[in-house]
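Coordinate-derived values only; no laboratory data. A quick note: this is a predicted structure, and the numbers were derived from the prediction, not measured. FYI the Cβ positions are ideal-geometry reconstructions off the backbone, even for glycines, and counts take in every protein chain you see.
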Amino acid sequence: MPARTKAGYGFALGVAAALTLAGCASDEGSSGAAPSSAPASTGSSSPSATSSSPSASADGDTVSAQFQDAEGAEAGTVELTFGGDRTTVVVEASGLTPGPHGFHIHTIGACEPDSADPAAPTNTGDFLSAGGHLSKEGQVHSGHDGDLPLLIAAEDGSARMTVTTDTLTAENVLDTDGSAAMIHALADNYRNVPERYAPEGPDEMTNKTGDSGGRVACAVLASTS
């Protein structure tokens, strides 16, 4: 298996319209209070034992889990259905700040509040235990396997999205240490930073995370078979 290392608001709204979305930290730091070009759509450690209750069907074609916020409260659900060369992701979330939120699959199935970043243990924050974005060696944001379209929350804080992608597979999501679905505090800019603002191009954080901010809800994705 390949080594794993885990784009503007206007673009995201275009994707959202195509997907018929119904409303729906730094990435290496603690979470904020508010909430890649995106993949094609139609829309370290073992998985942690949390109440997100990941479950998979007997043949491994579907995995689902509950989102939790940093206080342990339920914040929605996520389901991945693997089929042939496409995977469909269905997200339902609640309790979010209205507006766009970065949404990714992260490399480790561990959703621990106030935890250490496996790549930089001195850096701690909510859900940093999930590591970076699911990716292959050499991939950069927004081309990580785990980079997905923005999740748009309605005024009541609820969000729903269905997206189909060919970058997620049962093999890279449900590997030995699992993965985590992550909702971020801020919008993902997908590294779309105009040269007039950044003549030298995106900085390291933008290249890694799209400046999606803190991690506000996390769900462990792991096979039970």
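Quick rundown of the values:
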| item | result |
| --- | --- |
| For the stretch 111-196, the fraction of alpha-carbon pairs in successive 10 Å shells from zero, as % | 14, 39, 38, 9, 0 |
| Cleavage-rule hits (GluC sites (Glu not before Pro)) in the stretch 137-178: DSSP loop, at most 11 neighbouring Cβ within 10 angstrom | Glu137, Glu155 |
| Span from the the stretch 87-144 Cα centroid across to the the stretch 152-225 one, whole angstrom | 6 Å |
| Segments 72-83, 182-193 sorted - mean Cβ within 10 Å per residue, highest first | 182-193, 72-83 |
| Only Lys, Arg (+1) and Asp, Glu (-1) charged, at Cβ; the stretch 81-191 dipole about Cα centre in debye | 240 debye |
